[in-house]
Ligand code: CP
Ligand code: NVA
């Protein structure tokens, strides 16, 4: 049985297999065909943090696959009153067929997965957001940006940056990350990515200059400067990230037909200017919609690999 906790655990072929599934399920849905691949199954969705896209895409996704989603907010279940992760895992996984969790540390997600008897999906941790990256890559394919692309990630070396490091190093494309000093991605995750890059041929650069990162990029992306759980650092972060907004001046340095992606929610006037956001709204909201199709691909893949 496989879990979907980080792209680190997946080979290039497996990532592409999931993407292919997402593509074909999307095509079917666009024709109005909703194949009940997961008929009668229940997906538990545990949220320790807020969510719009992750919740809606998983809940609608499992419904369209013939199953049902169970929304479990931390405050409504005993986990919020101190019931251990491992006990929650042993209870919930006996009653449900799959579990998606959005939590803080990757360690607690792993603990849950270790005690679960059904596949567990990472719906975002402080360290990684792998389900988002599957939607992002699907969007890159749809915009013809999957052939040896250069991706520039500007901003915080957070869960999104870490996930881009995993995707590029597994698939073998160029990734340039620019963060303010002190906000670089975690060293051990960069090292893992550099290791995978030896096999895939990915070129990875960690920089502190957004202009250098964005030069000749095919895809420019960013994320909030203040992730969930960092609210107390907000004032300091807004100062430290000065100069890292993706605005028209920065976008001009990328390739002419570069696309701009954002996992959302976006904070205009901070990590992205209103102009850039609205110019690239088509890509951004295709990306958001692709969360639904990508989530379905991941769930069906995990179901098919249950007995392996
Ligand atoms: N991008 C993303 O995961 O959005 P939500 O926080 O709304 O789920
Ligand atoms: N880095 C952001 C992503 C939100 C989807 C956060 O963790 O809050």
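A few remarks follow.
- Any hit, the range 7-17, residues being in a loop (DSSP other than H, G, I, E, B) and in contact with a strand residue (DSSP E or B) (Cβ under 6 Å, 6 or more places away or on another chain): no
- The one condition in (1) within 16 Å of ligand 2 (Cβ to nearest atom); (2) assigned to a helix (DSSP H, G or I); (3) more than 15 Å from the chain's Cα centre (by Cα) that residue 165 fails to fulfil: (3)
- Sole residue being more than 30 Å from residue 37 (Cβ to Cβ) and crowded, with 21+ Cβ neighbours inside 10 Å, chosen from 271, 278: 271
- Residue count, the range 175-188 (criterion: touching a helix residue (DSSP H, G or I) at 6+ places or on another chain (Cβ under 7 Å) and outside any loop (DSSP other than H, G, I, E, B)): 4
- Within the range 135-148, considering residues that are in a helix (DSSP H, G or I) and either over 10 Å from the mean Cα position of the chain (by Cα) or more than 22 Å from residue 71 (Cα to Cα) (or both), the one nearest to ligand 2 (Cβ to nearest atom): 136
- The range 47-84: number of residues that are more than 16 Å from ligand 2 (Cβ to nearest atom), crowded, with 21+ Cβ neighbours inside 10 Å and closer than 15 Å to residue 122 by Cα: 1
- Filter result for residue 157 (away from ligand 1 (no atom under 16 Å from the Cβ) and either in contact (Cβ under 8 Å) with a residue 12 or more places away in the chain or buried (at least 20 other Cβ atoms within 10 Å of the Cβ) (or both)): yes
- Residue 52 meets each of the listed conditions (1) over 17 Å from the mean Cα position of the chain (by Cα); (2) more than 30 Å from residue 197 (Cβ to Cβ) apart from (1).
- Helices (runs of 4 or more DSSP H) completely within the range 213-307 that count 3 or more residues being within 25 Å of residue 165 (Cβ to Cβ) and either within 16 Å of ligand 2 (Cβ to nearest atom) or without any contact (Cβ under 8 Å) to a residue 60 or more places away in the chain (or both): 234-240, 281-304
- Options 57, 88, 73, 51: the member that is in contact with a helix residue (DSSP H, G or I) (Cβ under 6 Å, 6 or more places away or on another chain) and closer than 26 Å to residue 264 by Cβ: 57
Values in this text are rule-based calculations from the coordinates and carry no lab data. Predicted, not measured: the structure shown is a model, and the values here were computed from it. With ideal geometry, Cβ positions are generated from the backbone for all residues, glycine too; neighbour counts draw on all protein chains shown.
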